[in-house]
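Here the structure is laid out as structure tokens; the discussion comes afterwards.
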Amino acid sequence: MRKNKKKHEEEHADETWLVPYSDLLTLLLALFIVLFAMSSIDAVKFSQMARSFNSTFQGGTGVMKYPSPFQQTTNEGITTDRVKNKQNSQAEQEKQEMLEIKDKMDSYINANNLNVQLMTSLTPEGLMLTLRNDILFDSGTAQVRAQDYEMAKEISQLLVMDHPREVVISGHTDNVPIHNAQFDSNWHLSVMRAVNFMKILLENQNLDAQNFSAKGFGEFKPVATNDTPEGRLSNRRVEILIKSVDPEPTSGEVQN
């Protein structure tokens, strides 16, 4: 009986090697899956798979904890591209609208033979309409002349736009000193000329006063030399700046 029992026990081989063998097969399977994912160069799927395997194989540092060798294309990158495309589209639309306003003003200038007195130009800030002071004010005064009042009213009509924009009225003088009972400096004179001209513009009920502001620069921003009568004439001016509208922020965009 003892011999038979011993012989029966010898017939059952030791099977403990199956445990490490099955672990080895599991690791090999994971390795091949990783290699396949890397060869497909799908960074998003690779990251998802890495997180999945890392949560499974805890304990020790696995290959999944190292960053992907491929540049990831995330939803954030796609969103950024969409924001840029939308802003570019808005900027192009704004440019076209500013050109339409310029064409309307140029048509008015040409129709009334005002090419010497009025001039339009596009600047990085927006559309600039320049008026020489000689057609608005008498020397040393800040009141718009009666004969130019109607022209100021017509200019106000040109400022009525479908999309309201910020409008800045700026007064400028030459460098000839002024000191009288009303004004103690060119700066003071330029400010009051801008304000008085703006008041006439805002008599137009279709304009919103909250979009308008006035500035005075005196002789400190000349566009020509003050050494000649022609240069001083150019420097005595009122400018109307119609500011461009910045592209609308997209949801999720950070504002400063």
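The values are calculated or read from the model by the stated rules, or taken from the named source; none is laboratory data. Computed from a prediction, not measured in an experiment: that's the story for all the values here. Neighbour counts are summed over all protein chains in view; Cβ atoms, including those assigned to glycine, are modelled from backbone coordinates with ideal geometry. The protein model used for the area step is the full one, side chains on, heavy atoms only, and it has no ligands, DNA or RNA in it. Shrake-Rupley method; radii C 1.70, N 1.55, O 1.52, S 1.80 Å.
I need the full set of residues from the stretch 157-182 which are in contact with a Ser or Thr (Cβ under 9 Å, 6 or more places away or on another chain) and of a type in the set (G, A, S), in order please.
S170, G171
Among the residues of the stretch 129-139, count how many are open to solvent by 20 Å² or more (accessible area, probe 1.4 Å), in a loop (DSSP other than H, G, I, E, B) and of a type in the set (A, V, I, L, M, F, W, C).
The total comes to 0.
Pick from the stretch 77-99 the residues that are modelled with pLDDT under 85 and among the aliphatic types (A, V, I, L, M): which of them is nearest to I240 (Cα to Cα)? Let's see the steps before the verdict.
In the first step, residues of the stretch 77-99 are kept if they are modelled with pLDDT under 85; the result is 77-91.
Keeping just the survivors that are among the aliphatic types (A, V, I, L, M) gives 78, 83, 91.
Working: I78: 40, V83: 32, A91: 21 Å.
The selected residue is A91.
Would you mind finding the one in P164, P229, P222 that is closer than 25 Å to L114 by Cα, in contact with a helix residue (DSSP H, G or I) (Cβ under 7 Å, 6 or more places away or on another chain) and open to solvent by 40 Å² or more (accessible area, probe 1.4 Å)?
Details: P164 fails: closer than 25 Å to L114 by Cα; P229 fails: in contact with a helix residue (DSSP H, G or I) (Cβ under 7 Å, 6 or more places away or on another chain).
P222 is the lone residue from the list that is closer than 25 Å to L114 by Cα, in contact with a helix residue (DSSP H, G or I) (Cβ under 7 Å, 6 or more places away or on another chain) and open to solvent by 40 Å² or more (accessible area, probe 1.4 Å).
Pairs under 9 Å by beta carbon, first residue in a helix (DSSP H, G or I) in the stretch 189-211, partner surrounded by 15 or more Cβ atoms within 10 Å (Cβ to Cβ) and charged (D, E, K, R), six or more apart or different chains?
If the second residue must be surrounded by 15 or more Cβ atoms within 10 Å (Cβ to Cβ) and charged (D, E, K, R), the pairs left are S190/K215; S190/E219; V191/K215; A194/K215; A194/E239; N211/R165; N211/E166.
Out of (1) open to solvent by 50 Å² or more (accessible area, probe 1.4 Å); (2) in a loop (DSSP other than H, G, I, E, B), the odd one out for A142 is which?
Single failed check for A142: (1).
Quick one: would you say S234 is modelled with pLDDT under 95, among the small types (G, A, S) and within 24 Å of V116 (Cα to Cα)? Give the derivation first.
Numbers: modelled with pLDDT under 95: yes; among the small types (G, A, S): yes; within 24 Å of V116 (Cα to Cα): yes.
In short, yes.
Show the residue pairs meeting these rules: Cβ distance below 6 Å; 6+ apart or different chains; first residue within the stretch 230-243 and within 12 Å of S170 (Cβ to Cβ); second residue hydroxyl-bearing (S, T, Y) and open to solvent by less than 50 Å² (accessible area, probe 1.4 Å).
So the pair list comes out as R237/T130; E239/T130; E239/S170.
Under the condition of being assigned to a helix (DSSP H, G or I) and of a type in the set (A, V, I, L, M, F, W, C), which residue from the stretch 85-128 is surrounded by the fewest Cβ atoms within 10 Å (Cβ to Cβ)? Don't jump to the end; show me each part of the working.
The first filter runs over the stretch 85-128 and keeps only residues assigned to a helix (DSSP H, G or I), leaving 85-111.
This time we only want the ones that are of a type in the set (A, V, I, L, M, F, W, C), so: 91, 98-99, 101, 105, 109, 111.
Numbers: A91: 14, M98: 19, L99: 12, I101: 19, M105: 20, I109: 18, A111: 8.
The selected residue is A111.
Within the stretch 204-213, is there a residue that is out of contact with any Lys or Arg (no Cβ under 7 Å at 6 or more places or on another chain), open to solvent by 40 Å² or more (accessible area, probe 1.4 Å) and modelled with pLDDT under 95?
Scanning the stretch 204-213 turns up no residue that is out of contact with any Lys or Arg (no Cβ under 7 Å at 6 or more places or on another chain), open to solvent by 40 Å² or more (accessible area, probe 1.4 Å) and modelled with pLDDT under 95.
How many of the residues making up the stretch 87-140 are among the aromatic types (F, W, Y) and either under 24 Å from the mean Cα position of the chain (by Cα) or over 19 Å from M161 (Cα atoms) (or both)? Quick ask: steps written out before the conclusion?
Going residue by residue through the stretch 87-140, those that are among the aromatic types (F, W, Y) are 108, 137.
Filter once more, keeping what is either under 24 Å from the mean Cα position of the chain (by Cα) or over 19 Å from M161 (Cα atoms) (or both): 137.
Residues meeting the conditions: 1.
Does F183 satisfy being of a type in the set (F, W, Y), surrounded by 15 or more Cβ atoms within 10 Å (Cβ to Cβ) and in a loop (DSSP other than H, G, I, E, B)?
Working: of a type in the set (F, W, Y): yes; surrounded by 15 or more Cβ atoms within 10 Å (Cβ to Cβ): yes; in a loop (DSSP other than H, G, I, E, B): yes.
Here the answer is yes, as F183 does meet what is asked.
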